[in-house]
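First the structure, in the form of structure tokens, and then the observations on it.
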Amino acid sequence: MAKRTLLYPGSFDPPTLGHYDIMKRGLKLADRVIVGVHGGSLSKRHWFSPEERIDLFESYFSPEESAKIELCVYDGLTADLAIEKGAQGILRGLRTASDFEFEFSMAAMNKHLAPGVETIFIRTDENLAHISSSLSKDVLRYRNVPGMVSELVANKIRERLEELGS
Ligand code: COA
């Protein structure tokens, strides 16, 4: 039987426990998940290089998960990467109703660009729905709060804050 592949794209600057949760649940639906770390975007200035973001995401995985995950950096369209990788679906997490509008337009555009690729939404665990990469960076600037990102990622955020002199 053909292998089922999902592409999980994002900026992941840095990957949070919410991203990891979506990725783990995507793995239950697919034989393989490709995490696509988008190199740059018009609207976001990143704290971590794409390669650092890959290493940080990889640090969440167990050896069993790693065997079914591929990570890559890309700079073009997500739809083109999905086609290139032979993915049947694009995986995205939905946290709140406000995510929905943006995600709905993106899914429609990706369908336009790659009609054979379906977007699959997973509702973010309600205990993780308030987490985002920027809020995690903001909170860790002032207080050591667990449960948003892994300890390793939290340390990297603190290191970066020191480098930035914040
Ligand atoms: N748990 C926790 N946080 C989550 C989350 C979850 N399940 N899902 C999303 N987020 C947060 C992220 O932390 C991030 O927060 P931030 O804004 O504070 O940094 C935000 O939601 C979105 O980040 P992410 O999931 O990494 O995705 P993104 O919206 O940055 O990614 C791309 C967008 C890269 C997928 C999109 O811009 C894209 O496809 N670009 C390529 C060019 C292209 O194809 N354009 C046409 C698109 S139709």
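Any residue in the range 113-131 that is of a type outside the set (Phe, Trp, Tyr) and in a helix (DSSP H, G or I)? Yes, the range 113-131 contains at least one residue that is of a type outside the set (Phe, Trp, Tyr) and in a helix (DSSP H, G or I).
So that you can scan it fast, the table gives a plain yes or no per residue for (1) of a type in the set (S, T, N, Q); (2) more than 22 Å from Leu161 (Cα to Cα); (3) out of contact with any Ser or Thr (no Cβ under 8 Å at 6 or more places or on another chain); (4) crowded, with 21+ Cβ neighbours inside 10 Å:
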| residue | (1), (2), (3), (4) |
| --- | --- |
| Leu17 | no, no, no, no |
| Arg25 | no, yes, yes, no |
| Lys28 | no, yes, yes, no |
| Val33 | no, yes, no, yes |
| Arg45 | no, no, yes, no |
| Ser49 | yes, no, yes, no |
| Arg53 | no, no, no, yes |
| Glu58 | no, no, no, no |
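In the range 68-82, the residues that are under 15 Å from Ser11 (Cβ atoms) form Cβ pairs under 9 Å with partners that are in a strand (DSSP E or B) and more than 9 Å from the ligand (Cβ to nearest atom), at six or more places apart or across chains, as follows: Leu71/Ile34; Leu71/Val35; Cys72/Ile34; Cys72/Val35; Thr78/Leu7; Leu81/Leu7; Leu81/Ile34; Leu81/Cys72.
Is there a residue being farther than 18 Å from Phe12 by Cα, part of a helix (DSSP H, G or I) and near the ligand (Cβ under 8 Å from one of its atoms) anywhere in the range 83-106? Scanning the range 83-106 turns up at least one residue that is farther than 18 Å from Phe12 by Cα, part of a helix (DSSP H, G or I) and near the ligand (Cβ under 8 Å from one of its atoms). The residue that is nearest to the ligand (Cβ to nearest atom), counting only those in the range 22-65 that are of a type in the set (Ser, Thr, Tyr) and more than 20 Å from Leu81 (Cβ to Cβ), is Tyr60. The requirement of being hydroxyl-bearing (Ser, Thr, Tyr), out of contact with any Asp or Glu (no Cβ under 6 Å at 6 or more places or on another chain) and within 10 Å of the ligand (Cβ to nearest atom) is satisfied by Thr16.
Here the range 66-82 is the region considered, the condition is being in a loop (DSSP other than H, G, I, E, B) and within 12 Å of the ligand (Cβ to nearest atom), and the residue that is nearest to His38 (Cα to Cα) is Asp75.
Does any residue of the range 140-149 turn out to be near the ligand (Cβ under 8 Å from one of its atoms) and either surrounded by fewer than 17 Cβ atoms within 10 Å (Cβ to Cβ) or not hydrophobic (A, V, I, L, M, F, W, C) (or both)? Spell out how you get there, then give the answer.
In the first step, residues of the range 140-149 are kept if they are near the ligand (Cβ under 8 Å from one of its atoms); the result is none.
Checking the range 140-149: not a single residue is near the ligand (Cβ under 8 Å from one of its atoms) and either surrounded by fewer than 17 Cβ atoms within 10 Å (Cβ to Cβ) or not hydrophobic (A, V, I, L, M, F, W, C) (or both).
Laboratory data are not the source of any read-out in this text; all were calculated from the coordinates shown. Computed from a prediction, not measured in an experiment: that's the story for all the values here. Cβ atoms come from the backbone with ideal geometry, glycine included; neighbour counts cover every protein chain shown.
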